[in-house]
Structure formats: structure tokens, C-alpha cells
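Written below as C-alpha cells is the structure these notes are about.
Nothing in this text is a laboratory measurement; each read-out follows from the coordinates by a stated rule. As the structure is a prediction and not an experimental result, all values here were calculated from the model. Here the Cβ positions follow ideal geometry from the backbone for every residue, glycine too, while neighbour counts run over all protein chains shown.
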Amino acid sequence: MISLVHKIGRVIVPKPLAIVTFGHSLNHGMDVTYGALLVLIGAEFDVDLATLGLIGTLGAVVYGVIAIPGGLLTDRIGFGKTLILALIGSGMSALVVCGSVNIISLALGLMLVGAFGGVFHPAGLAFVASDVRRRSTGMGVFGAGGNLGVAITPVIVMSIAAVYGWRAGFYIFSGLLIFSGLLMLSVHRSLESSDKEKSNQELDRSDAMNSIRGSRGVAVFPTAMIILVNSCLGFLYRGTVTFLPLHFLNNSQFSILGFDSITIAGFLVTGTLLMGAFGQYIGGILGDRTKKEPLLIVLAVLLFPLLLAVGWSTGWVLILVTAAYALVYFMAPPSYNALAAEYVAPQLRGRVFGLIFFGAFGIGSFGSWVGGLVAESFDTGAVFLALSGVSTLVIAAAVALLIYSGNVKNRP
């Protein structure tokens, strides 16, 4: 488990974590591949955008909901076996998409991709949580991988599809996912032995946490607050990535290095996600070096004015405040996930992380719909003002976590 494969600054990334992070990047990359190739797929099957949108929604729903049984599976058979199943299963499912002959087989293939993709997250988070010493840092590295996958995949698959057709993008992802699953299989035994060793270490040092978790193995109140926060953060994320390009177009008309506003608007989301990868990395390091609860309050409080600024800004100011918002937003998840691991016994973490992921990608997906209602009634700036209201729930939950932590530590 301590095999060094990469060093970012002063952070050493063990080989299994590097493999899981690579898989996480592919997982989120696969999630956005369909959207990036939507026009080409629609042209081949001669279907309208409404039908294509419905198919994408079905895959996304499965992706979010399946995390709950995926968490149960993780707790039952272990995160190592679940990760192997998720990665290889996703790769094989992508082959079903490649071989689709009509819109129905395409939909079934995408739902299979969503199913195995959703199983990946609770197992991946449970794996990262097993490192007692560097939980937040590991969560930051893991999260940054997901950001990079979402940010760079559309450009890559669209470039490939322009030359070789849309199926080529899925073929490449299929091969990479199966390859990452085989890599995980190669470290599976060391992963299992390391997991047992770390579990024993955690049991030896966790008498205080066991008293907090109680007989059920879960400290219910802080865990519920963390699930609430992740649902709100998912809502903010979906609303932001959906309406940020249009908001920029409506409020900024200029060119940079010959690129017009439409092109810049597309780059803005990519830049936001890349800034988010840096935020995940920095946030993970800070989460291990400082007290998590005060850090999370600072980050939560900053979200509110930054969202207001995004809604009110134009031009270059809009670009700058969006970058600041992305940095602050993505600094928080590593510490929330690390806190969840502290409040949940190891044998139950899979199902709790499944609920957390469902909150972020299932409940949070309504951010697009609500944002659309607001934009239709007012304008895109109002979307971000509404999102700032949602951020107050994040502030309240962060304060509640700090108060709870203080009360627990002062308990005789």
C-alpha cells in the first residue's frame, strides 16, 4: 500500500490510490461522454433531442440511485472487489453502447454504464476513508481525479469522434475502464491485507469515536448533516454547470485571443472544473492540517457572497469571481467525506457513502430543473442568487457540525 508512484508537491500518492483516482477520472469522464457526442448519436439514429435527453436522464438517474445498493455491496464484499466489479463492468457496458443497433439498445447500454458507474463511488470513497492518517488528502486527490475527467473528456472524445465516429470514444473508454479494473485486480490482495491492518489500527485508536457512534455504529446527527450538505453542494454544482455558459453569454460580449464569447463560455465551465481540481487538492491538504469543522464554516460562509457576485457580475469580473467560487466550492468535499468516515464505523461506510453520493448526484440533480424555472421567470443572474439561498443551508449545517463536535469533545 505504500508503493510510491507519484508525488505532487509534498503529497505521496500510494499505488492503489493512484489506480482508484484514475478510475474515478474515467468514471466521471464516461458520465459526460454521451452528452459530448449527443449530436452525432442523434444523427445516426435519427431521433430528436427530447428522446436523447430522456435517455441521458435515465442513465443519470440510475447513476445516482444505484449508489445506495452499491454501498450495501461494498460493506458486504469489501471495497476492493466492488471496485474491480464497477470498473470492469463499466468497461463491458460501454461495449454494449458501442454495439447498439437502435435507440433501445443504446438506452440499455447507457443504463448499464450508469449502474456500474454508480457502484464505483461508495466503494472508492470507502477505500480512501480506510487511510486513517491522510483521509482528507486522499479524498482531495480522489476528487481532483473526478474533476479532471469531467473537464477534459468532452474535448478528447469530440476530437476522436470527428475523425473515427462517436462509437470510437466509447471503445476507448471501454478499454481504459477494463484496464483500470485489471490494475485494481493486480493490487487486490495487498489492498485487502492493508485494509485489515488499517481496520485493526483504527479499532485500537477509536474507543472515543466508538462511544460517539454508539451501538448502531453511526453518529446519526452529524452524518445526516453531511448528507444534507452534499445534497446542497450537488444542487449548486448542477445549477452552476448548467447555466454558467448561458449566464456568461448574456452578460459578457468580448473576445480573447480571437475566441468569441460563445467559445469562451464553453471554456469557462472547463476552467471552472480545472480550478475545482486544484481546490480539491488544496482542500484535502488543509483538512488534514487544520481542524475540519472551523475550516468548513469559513468555506461555507464564503460561498454565499461568491454566488451573489457570480449572479451580479459581467465580463472579466465574472470570470474572476467564478474562478474564486470554484476554488472555494471544491475545497470543502474532501473534509466532509473525511468527517463522514470519522462518524461511521468501517463496516458501515459503504452504505453511508452511497447515501452521500445519492444526495449529491440524485437529489442534487434537481438544481438544473429549479435553475431552469428561475431563469425562465427572471434571468440567469437570478439563478445564482437563488443558489446563494441554498448555500445558507450549507452554512447552517457546517455550524451545526462545529457545535456538535464541541459538545462531544466536552462530554465527560
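Can you order the peptides 111-119, 39-47, 71-79 by their average number of other Cβ atoms within 10 Å per residue, highest first? Could you put the intermediate results ahead of the total?
On the way: 111-119: 25.4, 39-47: 14.7, 71-79: 21.0.
Output ranking for 111-119, 39-47, 71-79: 111-119, 71-79, 39-47.
Find how much the distance from PHE267 to LEU58 grows on full extension, using 0.36 nm per residue of separation minus their present alpha carbon separation; answer in nm with one decimal.
Between PHE267 and LEU58, full extension yields an extra 72.5 nm.
Specify whether the C-alpha gyration tensor of region 13-86 places it in the rounded, prolate or oblate class, a ≥ b ≥ c being the square roots of the eigenvalues: rounded for a/c under 1.5, otherwise prolate if a/b is larger than b/c and oblate if not.
In terms of gyration-tensor shape, oblate.
Can you give the extra length, in nm with one decimal, that the chain gains between LEU385 and VAL220 once fully stretched, where that is 0.36 nm per residue apart less the Cα-Cα distance?
Values: separation 165, 0.36 × 165 = 59.40 nm, distance 3.16 nm.
Value of the extension gain: 56.2 nm.
Mind sorting out which of (i) 136; (ii) 339; (iii) 397 is the real volume of the Cα convex hull per residue in Å³ computed from the coordinates?
Identified label for the calculated read-out: (i).
Run the numbers for ASN250 and VAL155: contour at 0.36 nm per residue of separation, minus the present Cα-Cα distance, in nm. Before the final figure, lay out the partial values.
Working: separation 95, 0.36 × 95 = 34.20 nm, distance 2.38 nm.
Separation in residues times 0.36 nm, less the Cα-Cα distance, equals 31.8 nm.
Would you work out the relative contact order for region 38-122, in percent, from Cα pairs under 8 angstrom that are 6 or more residues apart?
Relative contact order here is 43 percent.
Would you kindly calculate the mean projected area, averaged across all directions, of the convex hull enclosing the Cα atoms of region 344-399, in square nanometres?
The number I arrive at for region 344-399 is 4.6 nm².
If R₀ is 22 angstrom, what is the calculated FRET efficiency for the pair MET92 and PHE179, using the beta carbon separation as r and rounding to 0.05?
0.95
For the chain, compute the number of Lys pairs whose alpha carbons are separated by less than 21 Å, excluding pairs fewer than 8 positions apart on the same chain.
Close lysine pairs found across the chain: 8.
Given labels modelled 7 Å from the Cα in the Cβ direction, how far is it in nm from LEU72 to LEU320?
About 5.2 nm, to one decimal.
Using a 7 Å offset from the Cα along the Cα-to-Cβ direction at both SER105 and ALA168, what is the distance between the two label points in nm, to one decimal?
Going by the 7 Å Cα→Cβ label model, 2.2 nm.
Please identify the DSSP H helices in the chain that span no less than 20 Å along the helix axis (Cα) and have a mean Kyte-Doolittle hydropathy of -0.5 or more.
15-36, 49-65, 79-98, 103-129, 135-164, 166-186, 220-251, 261-289, 292-312, 315-331, 380-409
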